[in-house]
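**Student:** Can you keep this structure in mind? I'll have questions shortly.
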Amino acid sequence: MPVNAPVLVPSPVASEAPTALPEASASPETESPALATPEPAPRSDADWLPWAGGIAAVLALGGLVLGLSRRRVRGEAAPDSPPAPAAKPEPAPAPAPAPPPAPTPPPAAKAPEAAPVAQGLSLALLADRFTATLANATLAARIVLTNHGRDALVDLALSGDMTSAHASRPMDEQLGLAGPELPPLAQIARIEAGASVTVPVEMRLPLAAVLAIRAGEAQLFVPIARAACWATREDTGGAEHAHGAFLIGQPSDTPGARLAPFRLDQGPRVFDQVDQRVLPLPEAPALS
């Protein structure tokens, strides 16, 4: 530690009688008047009124600004009208089960084969049965006559027969348009306008007159049924005529297939399953 330097104490100088100093009070609470801190003067209530008003105005302005800020935030956060909830996509409908297969309808009854309409009178044929005996070939059929005109037909004369289809014969002869007249089959007194009449008939051909087609040992017969009808119009007395030719044979299981011919070399037989096809005819001049 450093050594303290010696303190020089001056010697007292003689003077006149010393003036006595006032004794300091031993109490620390008493201070000199020159060193005492001055106390602030008390303020009246009127001095605080301007400050209180200003503070209240600031607080009110702050509350207004805060309220407006909160309202704006709410307005931005919540729209005027809530958006409609998004529609949930409907699930795709399950595919409908495949319908069961429709039952196979029974075969429809054969419609008669009709020849082209001529002057309001039509002629159709429906083959029912074919019979081969030792003497004849016979076709049982129905002929349907229909009056398509506006007036009744009277005095109808129906004729027809059966012949052989063969390449050695002229087509007009096979169709019954040339050669001898067809033998009579029936007489019908009257058919009203729009009405039909069904006439059952039998057409017979001697086996000796059949032109058979040989196919090896088989003798095949291809029949052609021919029919014609003459009538008189009741209103004017004019003539009406209809003619038709139909190929007769055995039906096939395949739709649209050709008809099968009848075999004559197997002895007498009855064919219950028979069918017909309309043969086209050349156009004939209109009758007056």
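**Student:** In the range 211-288, which trypsin sites (Lys or Arg not before Pro) are in a loop and have at most 16 other Cβ atoms within 10 Å, using DSSP for the loop call?
**Tutor:** Answer in residue order: ARG258.
**Student:** Apply the Karplus curve 6.51 cos²θ - 1.76 cosθ + 1.60, θ = phi - 60°, to the phi angles in the range 251-268 and return the couplings in whole Hz, x for Gly and Pro.
**Tutor:** Per-residue couplings from phi come out as x, 9, 5, 8, x, x, 6, 5, 6, 8, x, 9, 8, 9, 8, 9, x, x Hz.
**Student:** Can you give the percent of C-alpha pairs in the range 113-278 whose distance is more than 22 Å?
**Tutor:** Tail of the P(r) past 22 Å holds 44 percent of the pairs.
**Student:** What's the extension gain from ALA239 to LEU177 if we count 0.36 nm per residue and subtract their Cα-Cα distance?
**Tutor:** Net length gain for the segment: 20.5 nm.
**Student:** Same structure again: If you add up the charges near GLU192, with Lys and Arg at +1 and Asp and Glu at -1, over every other residue whose beta carbon is less than 15 angstrom from its beta carbon, what do you get?
**Tutor:** Around GLU192, the charge tally is -2.
Bear in mind that the values in this text are calculations on the coordinates, not laboratory data. Since the model is a prediction, treat every value here as computed from it, not as a measurement. So basically every Cβ, Gly included, is an ideal-geometry build from the backbone, and we count neighbours across all protein chains shown.
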